[in-house]
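Q: Starting off with a structure, shown below.
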Amino acid sequence: MALTVISFLCFAALLPFLGLGGPDDCSALLPFLRLGGPDDCSAGNQGPFSMEVTVTNKFAKTNITYSTTAEVGMPMFGVLNHLHKTNNSFNYTYIIYDTYGIFVNGVNGVNGSTENNTYWQLLSQKGSTIKPLSVGISCHIPKKDEIFIMNFTTSSCHI
Ligand code: B12
Ligand SMILES: *[C@@H]1O[C@H](CO)[C@@H](O)[C@H](O)[C@H]1NC(C)=O
Ligand SMILES: *[C@@H]1O[C@H](CO)[C@@H](O)[C@H](O)[C@H]1NC(C)=O
Ligand SMILES: *[C@@H]1O[C@H](CO)[C@@H](O)[C@H](O)[C@H]1NC(C)=O
Ligand SMILES: *[C@@H]1O[C@H](CO)[C@@H](O)[C@H](O)[C@H]1NC(C)=O
Ligand SMILES: *[C@@H]1O[C@H](CO)[C@@H](O)[C@H](O)[C@H]1NC(C)=O
Ligand SMILES: *[C@@H]1O[C@H](CO)[C@@H](O)[C@H](O)[C@H]1NC(C)=O
């Protein structure tokens, strides 16, 4: 049931692209079109692996790393819910957009706000490389040895 909802959200997140033409839009879709591959939302349960979730807030001078487990193919949404269930010192709130899926609104009691121009930026670290996610938590599927970073920051314009 929960999985159906997540798959739907990932699909819904793609809808805005489907009506648009041009090579740029097609390349934006490519990572999602390899259905059955490791990046899409329909990959099944293939076993657990451990990973880390780091919550950083430079303004509050907090930097907490949580250890958790993820299932192969499970979106970050599921991983964060599992983390909260197993360690309630981690909590978060979210808003569902019918366009791009699930948006992280607040983490550990700190909300982003348009008023203050702040939000929780999501990043993925592999080795020493840190990259911002190009999709939200309903579509990002973490891999083994990945560190998922939630960084409270001031909004910057992004396309
Ligand atoms: C402005 C903007 C933001 C602002 C939104 C708040 C604000 N101050 O307005 C901020 C900076 C917070 C933001 C954050 C992120 N964003 Co943004 N954002 C946009 C942008 C440029 C415009 C959205 C907009 O205003 N639309 C007009 C209004 C009227 O429509 P709306 O539906 O109400 O818009 C809301 C949603 O789009 C929502 N929103 C914005 N970004 C995201 C991302 C996700 C995953 C979700 C679920 C919702 C969401 O906030 C908007 C304002 O309330 C779009 C690109 C575009 N041109 O659409 C990217 C875009 C939607 N964002 C994107 C991404 C990836 C993110 C981040 C995941 C980046 C990151 N690595 O952290 C984060 C979200 C992290 C989280 N906490 O969950 C992608 C989504 C791609 C996808 N397929 O999922 C887009 C399409 C940019 C891109 N081309 O890569 N974003
Ligand atoms: C947070 O702590 C981790 C591990 O202790 C460290 O690698 C990282 O650089 C720190 N991040 C920030 C923003 O201080
Ligand atoms: C929850 O996470 C914190 C930070 O990593 C850790 O210190 C604590 O032991 C964890 N609690 C449980 C119940 O796992
Ligand atoms: C979430 O965590 C923050 C910080 O630990 C705490 O102040 C807040 O009460 C928690 N919220 C919920 C709903 O548990
Ligand atoms: C953060 O946002 C949630 C809803 O997403 C709300 O319930 C909560 O009261 C807000 N917390 C603060 C400190 O503004
Ligand atoms: C904006 O920032 C101030 C100061 O940190 C905080 O007290 C306030 O709650 C924030 N506003 C929102 C809407 O979160
Ligand atoms: C996190 O946000 C702070 C404040 O904007 C910024 O200085 C820092 O570089 C960010 N960290 C990462 C890993 O992007």
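No value in this document is a laboratory result; all are computed from the given coordinates. None of the values given here were measured: they were computed from a predicted structure. Glycine also receives a Cβ, built like all others from the backbone with ideal geometry; neighbour counts cover every protein chain displayed.
Q: Please list, in order, the residues from the range 137-159 whose amide nitrogen is less than 19 Å from a point placed 7 Å along the Cα→Cβ vector of Thr114.
A: Residues 153-159 fall inside that zone.
Q: Then there is this: Of the listed peptides 69-78, 83-92, what is their order by residue-averaged count of other C-beta atoms within 10 Å, with the highest listed first?
A: 69-78, 83-92
Q: OK, next. List, in order, the whole-Hz ³J(HN,Hα) value for each residue of the range 134-148 obtained from phi through the Karplus relation with A = 6.51, B = -1.76, C = 1.60 and θ = phi - 60°; use x for Gly and Pro.
A: Each residue's phi maps through the Karplus curve to give 9, 9, x, 5, 6, 10, 7, 10, x, 10, 3, 6, 8, 10, 8 Hz.
Q: Further question on the same structure: List the residues whose amide H sits under 5 Å from the amide H of Thr118, counting only those 5 or more places along or on another chain, with H placed 1.01 Å from N in the peptide plane.
A: Ser113, Ser155
Q: Quickly work out the Ile130-to-Asn87 label distance, labels modelled 7 Å from Cα along the C-beta direction, and quote it in nm with one decimal.
A: 1.8
Q: Which ³J(HN,Hα) values, rounded to whole Hz and listed in residue order, are derived for the range 79-96 from phi using the Karplus coefficients 6.51, -1.76 and 1.60 in 6.51 cos²θ - 1.76 cosθ + 1.60 with θ = phi - 60°, glycine and proline given as x?
A: My calculation for the range 79-96 gives 5, 5, 5, 5, 4, 4, 5, 9, 8, 7, 6, 9, 9, 7, 10, 9, 10, 8 Hz in order.
Q: While we're looking at this one, here's another question. Could you go through the range 61-68 in sequence order and give the Karplus-derived ³J(HN,Hα) for each residue, using 6.51 cos²θ - 1.76 cosθ + 1.60 with θ = phi - 60°, rounded to whole Hz, and x for Gly and Pro?
A: In residue order, the calculated couplings are 6, 10, 7, 10, 10, 10, 9, 8 Hz.
Q: Order these peptides, 148-156, 124-132, 54-62, by their mean beta-carbon neighbour count within 10 angstrom, highest first.
A: 148-156, 54-62, 124-132
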